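Heads up: the structure comes next, in structure tokens.
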Amino acid sequence: MSTQVRLQAGDSTALIHPAAGGRVTSLVVGGHELLVQHGSDAFHWGSFPMAPWVGRLRNGRLDFGGRVEHMPVNARPHALHGLVSDRPWTVTATGDTCVELAVDLGDPADPADPWPWPCRVTQSVALAEDRMEFRLAVHAQEPMPADIGWHPWFVRELSTPRGTVEAELEVRGGRVYLNDADGLPSGELGPPPPRPWDYCFLGLSEPPTVRWTGLLELTVDSDCDHWVFYDMEPAGLCAEPWTGPPNSLNGPTPTVVTPAQPLEARMSWTWRTLGA
């Protein structure tokens, strides 16, 4: 399906593009576009799901159950953000305010599919006047490692008749995984350093908020316990809920998905208008 799915609730409109990695390409609230529309590659615009790993996989190497697999290196020298953000998804159900999609991985007959374990990744997106609800899951046919998450790009500026309003990212509490020379967690936790950030946080005291002062406030909530905040580029701000940290599939205790126990996560965006 090459066309986009349009969801409408009140004055809020969202577009989801199955062929572009199943991403949300647009969210317009009160006439304001809240998502970055264009990027240098698939990882720099819209809001896209990540599976079966999140962030950087060191050197594209995966060691699980005594077997070593090599994933495509797309952020040299690492493999970045899983395998579904640039693959076409199939729409499995749709309505005026919701859509469900799926993509299969691990097909041995597909030479372009490097994932060695057959699985299905599913997601749902539902829009209301003041919120969006997201669900993401991995269903495996045999035990395999996985982590999942989302990577939204919220615009830094909104335009008003009185000028532009700059976005502020509010994050409360938490500690960060300190990065090694490769930009991957070193295994140590510490206090958040000064911004700009490209860090994975653990233990937030409350959900993060993107605020365009005097105009709009959007809160990102999730049952994921890891968050990556990225604010190093002028186009947008990223508040990303993940089920694990970068390179987690090579960690001492990776999440293992089985036929009896899929990996599931939820995310919500809620927004409200602010007074001038």
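Taking +1 at the Cβ of each Lys and Arg and -1 at the Cβ of each Asp and Glu, which of 106, 190, 48 sits farthest along the dipole of segment 5-273 towards its positive end, judged by Cα position relative to the Cα centre?
Checked the options; the winner is 190.
Under the definition of Cα pairs under 8 Å and six or more residues apart, what whole-number percent is the relative contact order of the chain?
The normalised contact order for the chain reaches 19 percent.
What does the highest-first list of 176-188, 64-76, 114-126 look like by mean Cβ count within 10 Å?
With the highest mean Cβ count within 10 Å placed first, the list reads 114-126, 176-188, 64-76.
Beta carbons within 10 angstrom, averaged per residue: use that to sort the peptides 80-88, 101-109, 148-156, highest first.
Packing order, densest peptide first, comes out as 148-156, 80-88, 101-109.
Just to be sure I understand the model, the point goes 7 Å from the Cα along the line to the Cβ. What's the resulting residue 112 to residue 41 distance in nm?
Calculated label separation equals 1.7 nm.
Can you give me the long-range amide H partners of residue 147? Hydrogens built in the peptide plane at 1.01 Å from N, cutoff under 5 Å, separation of 5 or more residues or another chain.
The answer is 53, 54.
Provide the per-residue ³J(HN,Hα) series for segment 79-88, in order, calculated from phi with Karplus coefficients 6.51, -1.76, 1.60 and θ = phi - 60°, each as a whole number of Hz, with x at glycine and proline positions.
9, 10, 6, x, 10, 10, 6, 10, 9, x
Given (1) 19.7; (2) 19.1; (3) 18.6, which label gives Kirkwood radius over Cα pairs in Å as computed from the coordinates?
Among (1) 19.7; (2) 19.1; (3) 18.6, the one calculated here is (2).
Testing the spin-label approximation: label points 7 Å from Cα along Cα→Cβ at residue 13 and residue 70. State their distance in nm.
4.7 nm
Quickly work out the residue 235-to-residue 93 label distance, labels modelled 7 Å from Cα along the C-beta direction, and quote it in nm with one decimal.
3.3 nm
So who's got an amide H within less than 5 Å of the one on residue 74, skipping anything under 5 residues away but keeping other chains? H placed 1.01 Å off N, in plane.
Close amide H contacts, sequence-distant or interchain: 79, 80.
By per-residue mean of other Cβ atoms within 10 Å, what is the highest-first order of 240-249, 90-99?
Per-residue mean Cβ counts within 10 Å order the peptides as 240-249, 90-99.
List every residue whose amide H lies under 5 Å from the amide H of residue 199, counting only residues 5 or more places away in sequence or on a different chain, with H placed 1.01 Å from N in the peptide plane.
When sequence neighbours closer than 5 places are left aside, the close amide H contacts are 229.
Taking θ = phi - 60°, what integer Hz values does the Karplus form 6.51 cos²θ - 1.76 cosθ + 1.60 yield along segment 8-16, in sequence order, with x for Gly and Pro?
Here the 3J(HN,Hα) series is 9, 8, x, 9, 9, 9, 10, 10, 10 Hz.
No lab work stands behind these numbers, since they all come straight from the coordinates. All figures in this text were calculated on a predicted structure; none of them were measured in a lab. Quick reminder, even Gly has a Cβ in these numbers, built from the backbone with ideal geometry, and neighbours come from all protein chains shown.
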